[in-house]
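Asker: Below you will find the structure I want to go over with you.
The values are calculated or read from the model by the stated rules, or taken from the named source; none is laboratory data. Computed from a predicted model, the values in this text were never measured in an experiment. Don't worry about glycine lacking a Cβ; one is built from the backbone with ideal geometry, like all the others, and counts go over all protein chains shown.
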Amino acid sequence: MNTQQLLARFHLSAPVQQHDLRSTKLSASKRASAVILPLIDIDNHAHILLCKRPAHLKYHPSEICLPGGKHERSDKTLRDTALRELKEELNIASVDVTIHGKLANYSTLTGFTITPYVGLLAANTHWQADQNEVAASFLLPISALIDVNNWQPLLFTYQGRTITLQGFSTHYGLLWGATANIIKNFTKQLLLPV
């Protein structure tokens with residue numbers, strides 16, 4: 001399946017209910033952030049561009065993530081936040097990405113409310129990771145992400161209760177948590193099995 005086929009499904013479907021580990025009630029203590037789920041075709045097959053965070057970062061060191069970060073006062077909108085972070089982290093200019101919409105917000109255990117935007121990268125887009133913010137960048141094919149056999153259950157204990165999360169092994173580590181759930185929400189919205 002290529003990006004045009006994915007985006008056609010995306011535009012025809014309603015957002016799925018957000019999937020998170022916290023209450024859906026927004027609290028004043030939540031920090032606004034935004035990410036881009038960047039899509040690009042490789043050999044006519046849709047891929048998602050992901051990052052691995054450096055080990056020295058205070059929050060979520062060495063984790064797999066989508067390009068994005070915290071909303072700053074200079075950002076007019078959360079869309080601007082996502083595009084700014086894409087430029088800072090991967091040196092991809094906003095002219096090289098077309099935003100096709102957004103997914104349901106995702107609330108994290110660490111106090112963030114993430115607004116995910118779905119963006120299509122231009123076919124000739126090249127990126128270079130800022131080594132202060134990104135240890136590595138890599139592509140994962142949507143076809144691998146929609147295969148339920150590639151996901152494994154992960155038991156997680158939070159406030160005395162056990163929760164089952166899903167993880168996906170990559171060459172750069174385990175894709176799990178907020179990023180995995182945002183990707184799963186995207187594929188659910190496309191009516192693809194995950």
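Asker: Where residues in region 139-190 are surrounded by fewer than 17 Cβ atoms within 10 Å (Cβ to Cβ) and in contact (Cβ under 8 Å) with a residue 60 or more places away in the chain, which of them is nearest to the chain's Cα centre (by Cα)?
Answerer: L139
Asker: Where the second residue is surrounded by 19 or more Cβ atoms within 10 Å (Cβ to Cβ) and modelled with pLDDT of 95 or more and the first is under 13 Å from D80 (Cα atoms) and of a type in the set (S, T, N, Q) and lies in region 91-103, which pairs have Cβ atoms under 8 Å and are six or more apart or on separate chains?
Answerer: Pairs found: S94/L83; S94/L86; T98/G119; T98/L120.
Asker: How many residues are under 19 Å from H11 (Cβ atoms), hydrophobic (A, V, I, L, M, F, W, C) and over 13 Å from the mean Cα position of the chain (by Cα) if we restrict to region 92-111?
Answerer: Count: 2.
Asker: Inside region 129-138, can you point out the residues that are at pLDDT 95 or above and of a type in the set (S, T, N, Q)?
Answerer: The one that is at pLDDT 95 or above and of a type in the set (S, T, N, Q): S137.
Asker: Listed residues P116, P38, P67; which is buried (at least 18 other Cβ atoms within 10 Å of the Cβ), touching a Lys or Arg at 6+ places or on another chain (Cβ under 7 Å) and at pLDDT 95 or above?
Answerer: After ruling out the rest, the residue left standing is P116.
Asker: So, one more: Which one is surrounded by the most Cβ atoms within 10 Å (Cβ to Cβ), of the residues in region 119-128 that are touching a strand residue (DSSP E or B) at 6+ places or on another chain (Cβ under 9 Å) and modelled with pLDDT of 95 or more?
Answerer: Within region 119-128, the match that is surrounded by the most Cβ atoms within 10 Å (Cβ to Cβ) is G119.
Asker: Among (1) part of a loop (DSSP other than H, G, I, E, B); (2) within 25 Å of A32 (Cβ to Cβ), which single condition is I99 missing?
Answerer: Here I99 meets the rest and fails (1).
Asker: While we're here: For region 113-142, which residues satisfy the criterion of being touching a Cys at 6+ places or on another chain (Cβ under 7 Å) and β-branched (V, I, T)?
Answerer: V134
Asker: Just need a number here: residues in region 120-132 that are in contact with a Leu (Cβ under 8 Å, 6 or more places away or on another chain) and either over 27 Å from R9 (Cβ atoms) or not in a loop (DSSP other than H, G, I, E, B) (or both).
Answerer: 5
Asker: Only one residue in P38, P116 is farther than 17 Å from Y172 by Cβ, in a strand (DSSP E or B), of a type outside the set (D, E) and in contact with a strand residue (DSSP E or B) (Cβ under 8 Å, 6 or more places away or on another chain), so which one is that?
Answerer: Values: P38 fails: farther than 17 Å from Y172 by Cβ.
Answer to the selection: P116.
Asker: Keeping to region 41-83, report how many residues are part of a strand (DSSP E or B), under 24 Å from T125 (Cα atoms) and touching a residue at least 40 places away in the same chain (Cβ under 8 Å). Even if it seems obvious, please write down each step before you answer.
Answerer: First, pick out the residues of region 41-83 that are part of a strand (DSSP E or B): 41-42, 45-52, 64-65, 68-70.
Next, only the ones that are under 24 Å from T125 (Cα atoms) stay: 41-42, 45-52, 64-65, 68-69.
Checking the rest, the ones that are also touching a residue at least 40 places away in the same chain (Cβ under 8 Å) come to 41-42, 45-52, 64-65, 68.
Residues flagged as part of a strand (DSSP E or B), under 24 Å from T125 (Cα atoms) and touching a residue at least 40 places away in the same chain (Cβ under 8 Å) within region 41-83 amount to 13.
Asker: Do you know which residues across region 83-111 are β-branched (V, I, T) and modelled with pLDDT of 95 or more?
Answerer: Selection gives I92, V95, V97, T98, I99.
Asker: In this structure, does R79 turn out to be among the basic types (K, R), buried (at least 16 other Cβ atoms within 10 Å of the Cβ) and either out of contact with any Asp or Glu (no Cβ under 9 Å at 6 or more places or on another chain) or more than 20 Å from A32 (Cα to Cα) (or both)?
Answerer: In short, yes.
Asker: When you scan region 138-194 for strands (runs of 3 or more DSSP E) that lie fully inside it, which ones turn up with 3 or more residues that are β-branched (V, I, T) and closer than 26 Å to G111 by Cα? Walk me through how you get there before you give the answer.
Answerer: Values: elements: 151-158, 161-170, 173-175.
Passing ranges, in order: 161-170.
Asker: If you scan region 154-183, which residues turn out to be more than 25 Å from K87 (Cα to Cα) and either of a type in the set (S, T, Y) or modelled with pLDDT of 95 or more (or both)?
Answerer: Restricting attention to region 154-183, the residues satisfying the condition of being more than 25 Å from K87 (Cα to Cα) are 154-169.
Selection gives T157, Y158, T162, T164, G167, F168, S169.
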